[in-house]
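These notes are about the structure you will find just below.
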């Protein structure tokens, strides 16, 4: 009896895991891609902030961010020897994000 219940619980757990993998509605952006996008926006002199000397950039505590409209993460960026923080917010569920200026 207990073995049958254990098997049933295990099947439910496996089914939930598969369902989440197949039908989740959030897009996860690889951290390297997110950091490259932030760096591009910070350094672009025409469409970005025109920051010339970024020596270090680390976003979202090293984790891949989930792209959900309104979700956000922060980046620590070293500019001219000073660590600044940048706020990044997703504009849609497809990974488009806006980057606030370094503070």
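The values are calculated or read from the model by the stated rules, or taken from the named source; none is laboratory data. Nothing here was measured: the structure is a model prediction, and the numbers come from that model. Reconstructed Cβ throughout: ideal geometry from the backbone, glycine too, with neighbour counts over all protein chains shown.
In segment 72-99, how many residues are at pLDDT 95 or above and assigned to a loop (DSSP other than H, G, I, E, B)?
Of the residues in that region, 1 qualify.
Among residues belonging to segment 44-67 that are surrounded by 15 or more Cβ atoms within 10 Å (Cβ to Cβ) and at pLDDT below 95, point out the one that is nearest to residue 94 (Cα to Cα).
67
Could you please let me know if residue 14 is at pLDDT 95 or above and in a helix (DSSP H, G or I)? Break it down into steps so the answer makes sense when it comes.
Values: at pLDDT 95 or above: no; in a helix (DSSP H, G or I): yes.
So residue 14 does not fit the description; no.
Name every residue in segment 36-65 that is closer than 15 Å to residue 79 by Cα and either under 9 Å from the mean Cα position of the chain (by Cα) or outside any loop (DSSP other than H, G, I, E, B) (or both), in order of residue number.
Scanning segment 36-65 gives 38, 39, 40, 41, 42, 43, 54, 55, 56, 57, 58, 59.
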